[in-house]
Amino acid sequence: MKSKYQKIKGTFDILPPDTQLWKEVEDILHNISEQFSYKEIRTPALESINLFQQNVGYETDVSKEMFSWEDQSNQQVALKPEMTAPVVRAYIESGFFRSNPLCRLYYIDSLFRREKPQKGRQRQFNQFGVEAFGSSSIEQDVEVILMATTCLKALSINETILHINNIGSPETRVKYEQLLKKYFSQNSKALSGLSQKRLDSNPIRILDSKEKEDQLIIQNAPIIKELLTVKEKADFNTLLTNLDTLHIQYEESPHLVRGLDYYNGTTFEITTQSDKSQNALCGGGRYDFLVEQMGGPSTPAIGFAAGIERMIIESKHQIKQNNIDVYISCNESINSPKCFSLIKNLVENDYKVFFDTNKKNVKNQIKDAVKRNASFILIIDQNMTIKNIKSNEESIVSDFQQLLNFLKTQ
RNA sequence: GUGACUGUAGCUCAGUUGGUUAGAGCCCCGGAUUGUGAUUCCGGCUGUCGUGGGUUCAAGUCCCAUCAGUCACCCCA
């Protein structure tokens, strides 16, 4: 029905029965994180705008798409558009780097980006993600990727592709950028307009281009692997070997570059097999320099984030049936004290009740109980009659204990 | 942010070249029947046809604007 008010563009309500699905999906993500001994972190929705502008990169779209404003005390604030910067901020501010040298955190949270909405791309959206601080070893990379694939599997999301790459150290990246610039300059006339613009500002992003005319040139572009150090190459191979052992399929994607500025080393992305535009379920990578850049001690780190909306779209997860145990019929107010004390006792004994406060007639209540898949109906008038709806067995009970006995013996 | 398409009851849709009080199925509510409170039958409810303008004797049907959604670009989760 038309409402006087409508939801803000790009936002959405989660309604029953979908709330049940969301809850179960979130439970799965919580459980897997706890199984890997990651601890939950929750950070404020609102942060100082500088946190994002200075750390995800001025030029990235993420920082351009922020919901931000100046508040009543002239503070520049923003709704968080991504989680890594807030988590790092909290990590430093809390002193976890001292008390918890190998610090593993995870979150499930809402983020905000002022993009043009589309299916799987809302302005308020939800992410699940993990951040692991304090280990520079490649095994940490393996663990994080294993977590990501474990979650997708647990959510019955099959037919995904893990794209993986190593973008090396910042120095390698600079060298690579120069190499690319040189290469693309030689072919600049054949490039698309957008890519030509990027030649100077951010040649690495040309690799991401979807323009047809760019594809051939991109295919033959130099790949960063050639510039990696011996150790970086060895680490990458170790990573791949581990994935092989775990039977995690992957595709080496030498052109996979991530949108945020702070990445180095391993980067990965998990997409669906369709080539629709919102096909990225999960993306992450190493960011060994961000903690220090943000004023903390030099701390290696790696993490990923996954879009909950997108995972739910792809998930084949079936929600659990959560049926009513006892449907309560009590149509005379004079009996309601008796009725409520039974309800209270039933609930305290972990029974799920449904009380028809509309006081329909008993015949319709029975129909209703059947429709709602209730196991029993308790009819409270002068007597109390409990009936097993499936077997039709029924009994008149005089107190809660007798009711309990009946329920237990069914 | 750019472009294209879509917008009729809670849901899925029909509505012929603009022409009388806008329809169906499902859902919901109630009644009847009933040896399975299943089935069946009967009845009822709900819409300013996304919104606002315009053209016309007449607009759900045409035009413009606007809002929202979908798709592509862009970007990313």
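The values are calculated or read from the model by the stated rules, or taken from the named source; none is laboratory data. Note that the structure is predicted; figures quoted are calculated from it, not measured. As a convention, Cβ positions derive from the backbone with ideal geometry for all residues, glycine included, and neighbour counts pool all protein chains shown. The protein model used for the area step is the full one, side chains on, heavy atoms only, and it has no ligands, DNA or RNA in it. Shrake-Rupley method; radii C 1.70, N 1.55, O 1.52, S 1.80 Å.
Some values worked out for this structure:
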quantity: In Hz, Karplus ³J(HN,Hα) per residue of the stretch A:32-45 (6.51, -1.76, 1.60; θ = phi - 60°; x = Gly, Pro); calculated: 5, 4, 5, 4, 8, 6, 8, 10, 6, 10, 10, 10, x, 5
quantity: Percentage, to the nearest whole number, of Cα pairs in chain A over 37 Å apart; calculated: 40 percent
quantity: The stretch A:254-410 - percent relative contact order, Cα under 8 Å, separation 6 or more; calculated: 15 percent
quantity: Inter-label distance for A:Lys316 and A:Ser298, nm, one decimal - labels placed 7 Å from Cα along Cα-to-Cβ; calculated: 4.9 nm
quantity: Residue-averaged 222 nm ellipticity for chain A, from DSSP H runs of 4+ at -39500 (n - 2.57), nearest 500; calculated: -11000 deg cm²/dmol
quantity: Protein-only accessible surface order, largest first, of A:Trp69, A:Trp22 at 1.4 Å; calculated: A:Trp69, A:Trp22
quantity: Residue pairs, from the table A:Lys233/A:Lys276; A:Lys7/A:Lys320; A:Lys338/A:Lys360; A:Lys64/A:Lys197; A:Lys153/A:Lys225, whose Cα atoms sit over 24 Å apart; calculated: A:Lys233/A:Lys276; A:Lys7/A:Lys320; A:Lys153/A:Lys225
quantity: Heavy atoms of A:Asp356: accessible area, 1.4 Å probe, square angstrom to 10; calculated: 10 Å²
quantity: Descending semi-axes in Å of the stretch A:326-409, equivalent ellipsoid built from Cα gyration tensor; calculated: 16, 16, 12
quantity: Gain upon complete extension [A:Asn349, A:Glu24; 0.36 nm per residue less C-alpha separation]; calculated: 114.6 nm
quantity: Accessible area of A:Arg89 in the full protein assembly, 1.4 Å probe (Å², nearest 10); calculated: 60 Å²
quantity: Amide H partners (placed H, <5 Å) of A:Gly265, local residues excluded; calculated: A:Ile167, A:Gly168, A:Ser169
quantity: Order of exposure, largest accessible area first, which applies to A:Ile379, A:Ile270, A:Ile8 with probe 1.4 Å; calculated: A:Ile8, A:Ile379, A:Ile270
quantity: Net charge of Cβ neighbours under 9 Å - reference A:Tyr107; Lys, Arg +1; Asp, Glu -1; calculated: -2
quantity: Rounded to whole Hz, the Karplus (6.51, -1.76, 1.60) HN-Hα couplings of the stretch A:283-289, x for glycine and proline; calculated: x, x, x, 8, 9, 6, 10
quantity: Over chain A, relative contact order from alpha-carbon pairs under 8 Å, at least 6 apart, %; calculated: 15 percent
quantity: Whole-Hz ³J(HN,Hα) from phi, Karplus 6.51 cos²θ - 1.76 cosθ + 1.60, for the stretch A:345-359, glycine and proline x; calculated: 5, 4, 5, 5, 9, 6, 8, 9, 10, 9, 9, 7, 6, 7, 6
quantity: Electrostatic dipole magnitude of the stretch A:73-148 [Cβ: Lys, Arg +1; Asp, Glu -1; Cα centre; debye, to 20]; calculated: 540 debye
quantity: Unpartnered cysteines - no second Cys beta carbon under 4.7 Å - across chain A; calculated: A:Cys103, A:Cys151, A:Cys282
quantity: For chain A, built as a Gaussian network whose Cα springs stay under 10 Å, the top-fluctuating residue of A:Ser99, A:Ser333, A:Ser185; calculated: A:Ser333
quantity: Relative contact order [Cα under 8 Å, 6+ residues apart], the stretch A:170-223, whole percent; calculated: 40 percent
quantity: Solvent-accessible surface (1.4 angstrom probe) belonging to A:Lys233, in square angstrom, nearest 10; calculated: 80 Å²
